Structure formats: C-alpha cells, structure tokens
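Student: Submitted below is the structure of interest, expressed as structure tokens.
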Amino acid sequence: MSVLSEIGAFVAVATVLTVTPGLDTTLVLRSAASQGTRNAYATVFGISVGVLCWGLAAAVGASAILAASPTAYTVLCIAGAAYLIWLGIGMLRRARTRGRGAGVSEADAASSPRGELPIRSWSRGFFSNLLNPRFGLFYMAMLPQFIPEGAPHFLMGLLLALIHNAIDLIWFSLLILGVHFLGHWLDKPAVQRGLDCVAGVVVIAFGAKLIIPVLLP
C-alpha cells in the first residue's frame with residue numbers, strides 16, 4: 001500500500017482511539033473545568049509529548065523491550081499505577097477540602113487547585129501516558145502496521161505520531177471549548193467538588209486496572 005493510503009488508515013484508527021473516553025479525556029476535562037483553558041492545553045501538550053515518545057519508541061523498536069522483558073513491564077506497571085492512584089487520591093482530598101477554606105497540602109497541590117502552574121498540568125498529562133506500558137505496547141503493535149515496506153521507520157513513525165498529536169489537539173480543543181461555554185455553571189463549588197470526586201475515582205480505577213493484572217496474573 002502507498003504511504004498516503006496507510007496514513008489515511010492510521011487517521012481512522014487514531015481518531016477512534018482519541019474520541020473513545022479514557023484517562024486522557026478525564027484529565028483534560030478536569031483541567032478545563034477546574035483550572036481554565038491555559039492549564040487544559042498544558043495537559044493536552046503533556047499528553048502529546050507522551051504520545052510522541054511512545055510513537056518514536058515503537059518506530060525504532062525500543063518498546064519491544066516491554067514485550068520481551070516481564071520485569072521491565074512489571075516495574076513500569078507498578079510505577080504507572082502508583083502515580084495514577086496517588087493522583088486520584090489527591091483529587092479526592094481536594095474535593096473534601098474545596099470550599100471549606102482548608103489548607104492545601106503538597107499532595108492536594110498536585111491534584112490541580114485553581115491557579116496552579118501550567119507545568120504541573122503538563123507533567124500530569126505527560127507522566128500519565130509515559131508511565132502506561134499498555135499504551136506503549138499498543139503503539140508497538142499498531143504503528144508497524146501503517147509503515148509501508150521500504151519506508152524509513154523512524155521518519156514514518158515520527159510522522160504518524162505527529163498526526164496522532166494533531167488529532168488529539170483538534171478533539172481536545174472541542175472538549176475545552178465545550179467546557180468554556182459551561183464555565184459559569186462549572187465554577188460552582190458543589191460542581192467543582194463533584195468533578196474532583198468523579199475524576200479522582202476514574203483515575204484511581206485506571207491505576208487499579210493497570211496494577212491488578214500484574215499482582216493477580
């Protein structure tokens with residue numbers, strides 16, 4: 001198949017992957033609702049860099065290490081699950097203290113209070129992807145299928161990862177725009193607490209989903 005036809009097929013697959021609700025959607029929506037447009041886009045760009053890293057790793061075959069080494073996969077699963085569970089607990093603690101004038105601890109600060117630095121939102125999106133070995137294995141299995149025979153693997157992998165980033169940017173921009181129109185309602189303390197609770201539970205669930213198969217094979 002030609003390069004253009006492979007790109008077209010990849011766009012279709014990547015679009016379905018992007019619009020399917022998951023961890024990235026949860027993080028972006030919560031950032032948009034709790035911190036505003038700037039931090040929401042910081043989260044998006046963090047996710048994009050994580051996607052780019054896995055895409056390049058898959059293109060050069062580096063992510064094959066995860067498939068070949070159970071130890072490496074297990075260590076990354078534990079690290080990723082621990083990060084997500086810590087992040088989710090921080091969100092739940094933020095929900096408990098929000099609106100009561102309580103002091104914000106370091107863990108609460110990591111759970112996205114209003115006015116946090118965009119770099120925190122960026123790192124949240126970045127590490128949630130980089131520490132997820134399942135995403136890496138998925139990319140390793142998917143990406144080679146869209147690299148035509150004879151095409152340079154690294155350059156083609158970079159192109160496909162950038163295309164995936166562009167799709168992410170378009171989709172998440174639509175979500176952020178929708179949240180912007182609901183801004184007045186989302187600013188209510190009760191709604192903010194509810195968003196923190198829902199996001200915290202979802203993020204912890206993703207962490208548990210990552211670690212349970214490792215602990216109970």
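The values are calculated or read from the model by the stated rules, or taken from the named source; none is laboratory data. All figures in this text were calculated on a predicted structure; none of them were measured in a lab. Because the Cβ atoms are built from the backbone with ideal geometry, glycine has one as well, and the counts that use them run over all protein chains shown. Accessible surface is based on the protein model in full, side chains and every heavy atom, while ligands, DNA and RNA are left aside. Shrake-Rupley method; radii C 1.70, N 1.55, O 1.52, S 1.80 Å.
Student: Can you give me the ranges of the helices (runs of 4 or more DSSP H) entirely in the range 135-217 with at least 3 residues that are under 21 Å from CYS77 (Cβ atoms) and open to solvent by less than 30 Å² (accessible area, probe 1.4 Å)?
Tutor: On the way: elements: 153-181, 183-186, 189-215.
Result: 189-215.
Student: Have a look at GLY207, GLY200 and point out the one that is closer than 28 Å to ALA58 by Cα and within 16 Å of the chain's Cα centre (by Cα). It would help to see each step written out before you state the result.
Tutor: Values: GLY200 fails: closer than 28 Å to ALA58 by Cα.
Sole residue among the options that is closer than 28 Å to ALA58 by Cα and within 16 Å of the chain's Cα centre (by Cα): GLY207.
Student: State all residues of the range 88-99 that are open to solvent by 20 Å² or more (accessible area, probe 1.4 Å), of a type outside the set (A, V, I, L, M, F, W, C) and at pLDDT 75 or above; if no residue qualifies, say none. Steps first, answer last, please.
Tutor: Taking the range 88-99 and keeping what is open to solvent by 20 Å² or more (accessible area, probe 1.4 Å), we get 89, 92-94, 96, 98-99.
From what's left, of a type outside the set (A, V, I, L, M, F, W, C): 93-94, 96, 98-99.
Within the range 88-99, ARG93, ARG94, ARG96 meet the criteria.
Student: Which one is farthest from ARG93 (Cα to Cα) among residues in the range 159-217 that are among the polar types (S, T, N, Q) and at pLDDT 80 or above?
Tutor: By that ranking, first place goes to ASN165.
Student: A follow-up question, please. Taking VAL16 and the conditions (1) touching a helix residue (DSSP H, G or I) at 6+ places or on another chain (Cβ under 8 Å); (2) free of Cβ contacts under 8 Å to residues at least 60 places away in the same chain, which numbered condition does it fall short on, given that it satisfies the others?
Tutor: So VAL16 meets the others, but not (1).
Student: ILE85 passes all but one of (1) modelled with pLDDT under 75; (2) over 29 Å from LEU160 (Cα atoms); (3) part of a helix (DSSP H, G or I); (4) of a type outside the set (D, E, K, R); which number fails?
Tutor: Just one mismatch for ILE85, condition (1).
Student: Name the single residue, out of those in the range 100-122 being modelled with pLDDT of 75 or more, in contact with a helix residue (DSSP H, G or I) (Cβ under 6 Å, 6 or more places away or on another chain) and open to solvent by less than 60 Å² (accessible area, probe 1.4 Å), that is nearest to HIS164 (Cα to Cα).
Tutor: SER121
Student: Right, next: Out of the residues in the range 44-82 meeting the condition of being within 25 Å of ALA32 (Cβ to Cβ) and of a type in the set (Val, Ile, Thr), tell me which one is modelled with the lowest pLDDT.
Tutor: That would be VAL51.
Student: Taking into account only those residues within the range 1-41 that are open to solvent by 10 Å² or more (accessible area, probe 1.4 Å), part of a helix (DSSP H, G or I) and small (Gly, Ala, Ser), which is farthest from LEU117 (Cα to Cα)?
Tutor: Among residues in the range 1-41 that are open to solvent by 10 Å² or more (accessible area, probe 1.4 Å), part of a helix (DSSP H, G or I) and small (Gly, Ala, Ser), the one farthest from LEU117 (Cα to Cα) is SER5.
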